[in-house]
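Asker: Dropping a structure here in structure tokens format, bear with me for questions.
The values are calculated or read from the model by the stated rules, or taken from the named source; none is laboratory data. All figures in this text were calculated on a predicted structure; none of them were measured in a lab. Using ideal geometry, Cβ is built from the backbone for each residue, glycine included, and neighbour counts are taken over all protein chains shown. Note: accessible area is taken over every heavy atom of the protein model, side chains too, but ligands, DNA and RNA are not part of it. Shrake-Rupley method; radii C 1.70, N 1.55, O 1.52, S 1.80 Å.
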Amino acid sequence: MTVSHTPFTATVLGLPRVGPNRELKRATESYWAGRADAAHLHAVGRELRRAQLTELAAAGLDSVPVGTFSYYDQMLDTAELLGALPPRVAGIADPLDRYFAAARGTDTVAPLEMTKWFDTNYHYLVPEIDTDTAFSLHPGKLLTELGEAIELGVPARPVVIGPITFLKLAKAADNAALERLPELLPLYLDLLAQLADAGAQWVQLDEPVLVTDLTEAELALVGRTYSALSAAQHRPAILVATYFGHPDAALAVLADTEIEGVAVDLTAGTDVAALPALARKLVVAGVVDGRNVWRADLDAALGTLVTLLGSAESVAVSSSCSLLHVPYSLTPETGLDERLRSWLAFGAEKVGEVRVLATALTAGVDAVADELAAARAAADSRRTDPRLHNDRVRSRLAALDENDLTRSPADERRVLQRDHLDLPVLPTTTIGSYPQTSTIRLARAALRKGEIDQAEYERRMRAEIADVIALQEKLGLDVLVHGEPERNDMVQYFAELLDGFAVTEAGWVQSYGTRCVRPPILFGDVTRPEAMTLSWIGYAQSLTTKPVKGMLTGPVTILAWSFVRDDQPLGDSARQVALAIRDETVDLEAGGARIIQVDEPALRELLPLRAAEQPAYLRWSVDSFRLATAGVADTTQVHTHLCYSEFGEVISAIAGLDADVTSIEAARSHMEVLDDLNAAGFALGVGPGVYDIHSPRVPSVEEITTSLSAALKAVPAERLWVNPDCGLKTRGPVEVEESLRNLVTAAAALR
Ligand code: GLN
Ligand code: ZN
């Protein structure tokens, strides 16, 4: 049965929480460091929520999400809500410390695993469910936040992750998490009743997993679950939120239940107008893109909304997903040129767009004529800006053919490179970065504050490079790196040097916990005004006779960690970035680099959620890597680095990259990955990580020897490399030196 309810007209699906000036990050880190107590952290959280809710209600939203605030992560919050924190933290008496122990671990307790939230760059904590997990409801946090909002007079809509998504994303023995649904349903029913008692008119259950491929059985389960939840009489009206893509068959399943509302991501090409069953629902129309930074095309959005009005019972305007994925506001961005700035909408501006569209629907377009005109003017200025269309780049790309993506056969290259490089068997190397020392951080801060000039900054970075080269010489590594001290970030560094990208001053977005990133904005055609890395790599190479790897970030990763253009296919943008990287590899080679590494740690992350869309993605992403790397001579050895070991759908793509050497994460998965690669016909050089850099532990010579011996069972010695499983920038110098010494010793002994 449906419950009586009043539809709303303007909302967003969720909110950022680190604070406009990263206040929550600072307060949390102070708490962790023991510099502030829990009361202080809670006070900062409460004040951030109060300010945000008040602002949103004042901005004209008539339903405001509550409960998307988090001290670390929303999946972890849901695990806590459902009594599903792992048993190993149960002994920690203080609830806040227990929560953070599950998030980050302690000296004695391992944290939950972290992984990417769908195809975004946000990481969630993976709940663990085992046979003796006894679910129980702990709604304290949600009820507190709801109470605060009601007290402020804000039209609050509590948000909870739905049971299907929670279980599908959790880790369970035998992958049987969904079988636990019958245990969760009574808890959700209890929660609904408690929220109704507390005064909630609506509740939002987030089910982003409905935009992924589900089996018929899973779809049936979705139907049964929401039929059961909507059968409750004492509850708020239920809004099921789908986002990050097209809900496809799941939409019809939801429409058949008695839930009152469904949120759909209309930036993903969803054709909701074709579903007459929505006539009995509030459709929360995600017409404002919640995960990119472009100003919306309000005219097009209005068209969509009007179509929907014809088929739905009522329509509310919304962001397509939570605003967690975009920066708070454009206000602090004084460094962007006015034109570019006028094309953008961050969180606060998106709320404004929602309000304008809702007003147009309820009061007519004349009520917002000025706003619509301003959006049109911005769109015109963007369309006609010369920076969006560089003929030289476009004609260069148009002239390329398959030959430009193809090197000689790998076997031939291997012979040539053997002579050119003269490396021992089982060559040792590292992935690129060395520990970010306080010298580096202080120099960067001093440059930013104007205390030192660029020349002094570069002098200090060179001193770091010299130290890192000397260390590697001393340890006896075979292929050296310059250590990347000059890079603030492996994507932002290149974005700052390439035309077509802009960077923000305060456009922070939460990546996980207290870690925030400032994704660059790719707005125009990409060109490389001048060589970007040559002087650093050339300097490093001048200090040693051993080969120093040229070190670049690949096109897919640069796109994955930026806000991208939405006016052309992603593959077209990738080719432009690839061309710039290719020019850099050619310059590096001419400057004496014999090995060039092009990192693609995000190759898997951009993989589309739906299987049907994956082959096309894999084609253009592999081609863009090949375009970036096939411009060098056969004697030049191309390396790549991938940051994970569960390849799944991308395994054949890895062979397709045709890199001479691929380093991968394997220290934690015990070399099984090599069997997977063999099974996929991979026959190139491979460096499975034998030192887990995600942990401060120093691996012993014996451990590394064991790993390498296991690797040698799967891969012949002439293809095997010896390296850590990722860059060393987050590690301390002492543990790095010891670990690498053990690594070199183990390799030497096996030779
Ligand atoms: N070359 C980079 C580094 O060593 C690679 C980082 C990554 O894989 N994310 O830091
Ligand atoms: Zn890595």
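Asker: Determine, yes or no, whether residue 84 is of a type in the set (A, V, I, L, M, F, W, C) and more than 17 Å from residue 695 (Cβ to Cβ). Don't jump to the end; show me each part of the working.
Answerer: Numbers: of a type in the set (A, V, I, L, M, F, W, C): yes; more than 17 Å from residue 695 (Cβ to Cβ): yes.
Judged against the criteria, residue 84 is a match.
Asker: Further, regarding this structure: Just give me the residues in region 710-736 being away from ligand 1 (no atom under 14 Å from the Cβ), of a type outside the set (A, V, I, L, M, F, W, C) and closer than 25 Å to residue 421 by Cβ, in sequence order.
Answerer: Just the residues of region 710-736 that are away from ligand 1 (no atom under 14 Å from the Cβ), to begin with: 710-722, 732-735.
Then keep just the ones that are of a type outside the set (A, V, I, L, M, F, W, C); that gives 713, 716, 718-719, 732-733, 735.
Across region 710-736, the qualifying residues are 716, 718, 719.
Asker: Right, another one. Every residue in region 643-668 that is at pLDDT 95 or above and either of a type in the set (Val, Ile, Thr) or within 14 Å of ligand 2 (Cβ to nearest atom) (or both), please.
Answerer: Once the filter is applied, which keeps residues that are at pLDDT 95 or above and either of a type in the set (Val, Ile, Thr) or within 14 Å of ligand 2 (Cβ to nearest atom) (or both), region 643-668 yields 661, 662, 663.
Asker: Quick one: in region 184-221, which of the residues that are of a type in the set (D, E, K, R), in contact (Cβ under 8 Å) with a residue 24 or more places away in the chain and more than 30 Å from residue 153 (Cα to Cα) is most open to solvent (accessible area, probe 1.4 Å)?
Answerer: Of everything passing the filter in region 184-221, 213 is most open to solvent (accessible area, probe 1.4 Å).
Asker: Kindly indicate the residue of region 527-568 that is under 17 Å from residue 394 (Cβ atoms) and in contact with a Ser or Thr (Cβ under 8 Å, 6 or more places away or on another chain) and also nearest to ligand 1 (Cβ to nearest atom) among those meeting that condition.
Answerer: So the residue we want is 555.
One line per residue, one yes/no per condition, for (1) at pLDDT 95 or above; (2) open to solvent by 50 Å² or more (accessible area, probe 1.4 Å):
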{"residue": "62", "(1), (2)": "yes, yes"}
{"residue": "68", "(1), (2)": "yes, no"}
{"residue": "75", "(1), (2)": "yes, no"}
{"residue": "102", "(1), (2)": "yes, no"}
{"residue": "106", "(1), (2)": "no, yes"}
{"residue": "110", "(1), (2)": "no, yes"}
{"residue": "114", "(1), (2)": "no, yes"}
{"residue": "124", "(1), (2)": "yes, no"}
{"residue": "137", "(1), (2)": "yes, no"}
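Asker: Now for a different question. Testing residue 478 on (1) open to solvent by 30 Å² or more (accessible area, probe 1.4 Å); (2) away from ligand 1 (no atom under 16 Å from the Cβ), one condition comes back false. Which one is that?
Answerer: (1)
Asker: Restricted to region 175-216, and to residues that are part of a helix (DSSP H, G or I) and of a type in the set (Asp, Glu), which residue is modelled with the lowest pLDDT?
Answerer: Going through region 175-216, the residues part of a helix (DSSP H, G or I) turn out to be 175, 177-197, 208-211, 216.
Going one step further and asking which of them are of a type in the set (Asp, Glu), we end up with 179, 183, 190, 197, 216.
On the way: 179: 92, 183: 96, 190: 98, 197: 97, 216: 97.
Of everything passing the filter in region 175-216, 179 is modelled with the lowest pLDDT.
Asker: Return the residues of region 701-751 that are surrounded by fewer than 16 Cβ atoms within 10 Å (Cβ to Cβ) and within 16 Å of ligand 2 (Cβ to nearest atom); say none if nothing qualifies.
Answerer: Scanning region 701-751 gives a single hit, 730.
Asker: Oh, and also: Step by step: first the residues of region 420-434, then only those that are touching a residue at least 40 places away in the same chain (Cβ under 8 Å) and away from ligand 2 (no atom under 15 Å from the Cβ), then the one that is farthest from residue 473 (Cα to Cα). Which residue is that? Walk me through it before giving the result.
Answerer: Step one: of region 420-434, the residues touching a residue at least 40 places away in the same chain (Cβ under 8 Å) are 420-421, 423-434.
Retained after the next criterion (residues that are away from ligand 2 (no atom under 15 Å from the Cβ)): 420-421, 423-428.
On the way: 420: 20, 421: 17, 423: 15, 424: 15, 425: 18, 426: 17, 427: 14, 428: 12 Å.
Only one residue tops the list, namely 420.
Asker: To continue, here is another question. Could you please give the count of residues in region 222-263 that are open to solvent by 10 Å² or more (accessible area, probe 1.4 Å) and more than 29 Å from the chain's Cα centre (by Cα)?
Answerer: Looking only at that region, the number is 13.
Asker: Can I ask one more? Would you check if there is a residue in region 24-33 being part of a loop (DSSP other than H, G, I, E, B) and either surrounded by fewer than 20 Cβ atoms within 10 Å (Cβ to Cβ) or touching a residue at least 40 places away in the same chain (Cβ under 8 Å) (or both)? Walk me through it before giving the result.
Answerer: Going through region 24-33, the residues part of a loop (DSSP other than H, G, I, E, B) turn out to be 33.
From what is left, the residues that are either surrounded by fewer than 20 Cβ atoms within 10 Å (Cβ to Cβ) or touching a residue at least 40 places away in the same chain (Cβ under 8 Å) (or both) are 33.
For region 24-33, residues part of a loop (DSSP other than H, G, I, E, B) and either surrounded by fewer than 20 Cβ atoms within 10 Å (Cβ to Cβ) or touching a residue at least 40 places away in the same chain (Cβ under 8 Å) (or both): present.
Asker: Given the conditions (1) open to solvent by 30 Å² or more (accessible area, probe 1.4 Å); (2) touching a Phe, Trp or Tyr at 6+ places or on another chain (Cβ under 7 Å), report the number of the one that residue 57 does not fulfil.
Answerer: Just one mismatch for residue 57, condition (2).
Asker: Is region 669-688 home to any residue that is under 19 Å from residue 605 (Cα atoms), at pLDDT 85 or above and small (Gly, Ala, Ser)?
Answerer: No, the conditions are met nowhere in region 669-688.
Asker: Going through region 542-562 one residue at a time, which ones are of a type in the set (S, T, N, Q) and either touching a strand residue (DSSP E or B) at 6+ places or on another chain (Cβ under 7 Å) or at pLDDT below 95 (or both)?
Answerer: Residues of region 542-562 of a type in the set (S, T, N, Q): 542, 544-545, 553, 557, 562.
Scanning region 542-562 gives 544, 553, 557, 562.
Asker: Residue 436 passes all but one of (1) at pLDDT 95 or above; (2) buried (at least 16 other Cβ atoms within 10 Å of the Cβ); which number fails?
Answerer: Residue 436 satisfies all of (1) at pLDDT 95 or above; (2) buried (at least 16 other Cβ atoms within 10 Å of the Cβ) except (1).
Asker: Hey, another quick one. So how many residues does region 378-402 have that are open to solvent by 60 Å² or more (accessible area, probe 1.4 Å), within 30 Å of residue 352 (Cα to Cα) and not polar (S, T, N, Q)?
Answerer: 5
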